[in-house]
1. At a 1.4 Å probe, what is the % contribution of carbon and sulfur to the accessible area of the stretch 6-50?
2. If packing is taken as the mean number of other Cβ atoms within 10 Å per residue, what is the order of 27-39, 165-177, 145-157, highest first?
3. Would you please give the FRET efficiency between Met158 and Ser42, computed as 1/(1 + (r/R0)^6) with r the Cβ-Cβ distance and R0 = 45 Å, to the nearest 0.05?
4. Between Ala18 and Thr66, what length comes free when the chain is fully extended (0.36 nm per residue of separation minus the Cα-Cα distance, one decimal in nm)?
5. Please give, to one decimal in nm, the separation of the simple spin-label points placed at Asn115 and Gln150, each 7 Å out from Cα toward the Cβ.
Amino acid sequence: MTQEVGELDSLVRKRIRALRVAQGWSLEELATRANLSQSSLSRIENGQRRLALDQLVTLARALDTTLDQLVETAADDVVTSPMIDGTRGLMRWPIKGDAGMSVVRQRMTEPPPDNPSRMRAHPGREWLVVLSGTAILMLGHRRLRIETNQAAEFPTMMPHAIGAEGGPCEILGIFDRDARRGHQRDGSDRDAQGTCE
């Protein structure tokens, strides 16, 4: 148990320093943001001062993170397998950091719907990259052509639909919590007509 506490202590100190360096901040800059002296912060990072909960909360805020993320231990499951829906041609990976987010891989064969009433709008954001072929993103009144290795990111409050152009295409999409929830309320996933997951 003492070894686990020592390992967590060391990990938290490394994270504080790594986050500070990633922001490009000196000890003085982070100390000012966290309302600590520069020497106190240096001793915290170097393990020469004990970690106090109130200081960790303040440092987490100053580093634009949460206390949970600062003290989180390594996840047991680093590698995950997709959930496969063969009938719809979908592979879905949940994102552990945010249970509401998911990644979906899909092969599309049909063009997007011609009828604007078949386009959806809902809260959230979506991001997709075309892995092969060419996709068409209908976004409001715009028709956007997205080729292999190109990506698109858009707010889903804009009516939208996705389909293939000139043959099958394969896409990888990331859906935030609100976008995912919006599609769950509709009770549907991406289908052969190219509506959005």
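1. The C+S portion of the solvent-accessible surface of the stretch 6-50 is 44 percent.
2. Descending mean neighbour count gives 165-177, 27-39, 145-157.
3. Result of the calculation: an efficiency of 0.40.
4. 15.8 nm
5. 2.8 nm
The values are calculated or read from the model by the stated rules, or taken from the named source; none is laboratory data. Model, not experiment: these values are computed from the prediction. Reconstructed Cβ throughout: ideal geometry from the backbone, glycine too, with neighbour counts over all protein chains shown. In case anyone asks, the SASA skips ligands and DNA or RNA and just uses the protein heavy atoms, side chains included. Shrake-Rupley method; radii C 1.70, N 1.55, O 1.52, S 1.80 Å.
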